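Each reported figure results from applying straightforward, stated rules to the coordinates on display, with no laboratory input. Predicted model only: the values in this text are computed from it and were never measured. In this analysis, Cβ positions are derived from the backbone assuming ideal geometry, glycine residues included, and neighbour counts consider all displayed protein chains.
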Amino acid sequence: MRKNRLLALVLLSFGLLSFIVTPVSAKGKGNLLSPDRVLTIAHRGASGYVPEHTMLSYETARKMKADYIEMDLQMTKDGKLIVMHDEKLDRTTNGKGWVKDHTLAEIKKLDAGSWFNKAYPEKAKPQYADLKVPTLDEVLKRFGRHANYYIETKAPEIYPGMEEKLIASLKKYKLTGKHAKPGQVIIQSFSKDSLLKIKTLDPKMPTVQLLEAEQLSSMTDADLNEIKTYAVGIGPDYKALNAENVRTIRNHGLLLHPYTVNTEADMHRLLNWGVTGVFTNYPDVFQRVKKG
Ligand code: G3P
Ligand code: MG
C-alpha cells in the first residue's frame, strides 16, 4: 500500500515538473508564431522609460513581461554587431559620426544614457548616465534562451556580412536550430534582400517584412502573396492600417505587427481590427490593454 502511494507521489511530481518546465511556446496555442497570439514587442526595449537599446531597457522590458525584446543592429569598423537604431552615433550617445567608422573599443567608451536625461527631464534618472552600447552577443549572453528576440538588420546594404554574423551569433547561443523554441527569434528588415539572405543561411528562421506607410498603402494581393513566400508576417507603420487592410493581410495568412504603437487608444483600435502584436515603447501599457 505504502509502495503504491510512493509510486503515485513520484508520478505526480513528474507530471507537475514536466508542466513547469515545458515552455509555454511549445504548447500549440502558446506558440509565439500562432495567429491566435497577440505579441508585445518591446521596441528598442522599454524605451519609453529607459534609454533605448541599453541593457537596462531590455531588462525593464523583461520585467514588464514583454514577449519580445526588439533590437536594431549596426556594425562597427572592426566588424562587431552592436545594438543601435541610428547609423550615426550622434543622437543616442555623446559620440559623433558613423558607427561604421568607429571600432567597438571606441564605441564602448561612449555614454549612451545622458542624452535621454536631457531629452526627457521628467523621466531622467541618475543611473541612466553613462549606460553603455551593448553588442548583440552581450545581449544574447545576458538573457540566453530565457528571452525572445525580434532582431532588425538595419542598413544591411552598408554592412556586408551582417546576416552571416547575426546567424553565427544565434548559433553560438543556441537560439536557432533544434535547441530554440519556434519563434524564439524573428528577424525583421525593410530590406527584402536581407531577409532572403537570412533564409538562405537559415531556411527555418521566421522573418518579417517591414514596410513604410506608403509601401503598405500601395500593396496588392500579388505583393502580399510574394511576401508570404519568404516571411511569416509584415511589420508596417501603424498609421497606414485600417480595418479593411488588416483583414486583407490576415486573410493572406500573414502575421501583422505594426510599429510603433504608444497610445492606449491606438492599441485598442488595432487590437479590435485584428493585429497579432505591436511594437511599443510602453510594453507594460500594451500588456494591460491586452488583458482588456
Ligand atoms: O522594428 C520595427 C520598427 O522598429 C521599425 O522601425 O525605425 O524603429 O526600427 P524602427
Ligand atoms: Mg527596429
Given only helices, namely DSSP H runs of n ≥ 4 each adding -39500 (n - 2.57), what is the per-residue ellipticity at 222 nm of the chain, to the nearest 500 deg cm²/dmol?
-> -10500 deg cm²/dmol
Simple label model, 7 Å out from Cα along Cβ direction - Lys100 to Thr229, nm | 2.9
State which entries of Lys123/Lys178; Lys123/Lys199; Lys63/Lys165; Lys88/Lys290 exceed 32 angstrom in Cα-Cα distance in the structure shown.
-> Lys123/Lys178; Lys123/Lys199; Lys88/Lys290
By Kyte-Doolittle mean hydropathy of at least 0.0 and Cα axial length of at least 18 Å, which whole DSSP H helices of the chain are selected?
-> 2-21
Based on the Cβ-Cβ distance of Lys109 and Lys204, what FRET efficiency does E = 1/(1 + (r/R0)^6) give at R0 = 41 Å, to the nearest 0.05?
-> 0.60
Grab the alpha carbons of the chain, take their convex hull, and tell me the volume per residue in Å³.
-> 167
Segment 261-292 versus segment 140-160: alpha-carbon centroid distance in Å | 23
The aspartates and glutamates whose Cα lies under 16 Å from the Cα of Lys132, excluding any fewer than 8 residues away in the same chain, are Glu52, Glu59, Asp72, Asp86, Asp90, Glu106, Asp111
Find how much the distance from Ala243 to His179 grows on full extension, using 0.36 nm per residue of separation minus their present alpha carbon separation; answer in nm with one decimal.
-> 19.2 nm
Stretched out fully, how many nm does the piece from Glu212 to Lys118 gain, at 0.36 nm a residue minus the Cα gap?
-> 30.9 nm
Relative contact order (%) - criterion: Cα under 8 Å, at least six apart; region: segment 31-291 = 21
Rounded to one decimal in nm, the spacing of the 7 Å Cα→Cβ label points at Arg37 and Ala129 is 4.1
Long-range amide H contacts for Ile186: which residues qualify at under 5 Å (H placed 1.01 Å from N, peptide plane, sequence gap of 5 or more or a different chain)?
-> Tyr149, Tyr150, Ile151
Of Lys77/Lys181; Lys109/Lys141; Lys141/Lys197; Lys108/Lys228, which ones are farther than 28 Å apart at the Cα?
-> Lys77/Lys181; Lys108/Lys228
Which peptide among 93-105, 73-85 comes first, and what is the full order, when sorted by highest mean count of other Cβ atoms within 10 Å?
-> 73-85, 93-105
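Given the peptides 189-200, 39-50, arrange them by the average over their residues of other C-beta atoms within 10 Å, most packed first.
Ranked from most to least packed, the peptides come out as 39-50, 189-200.
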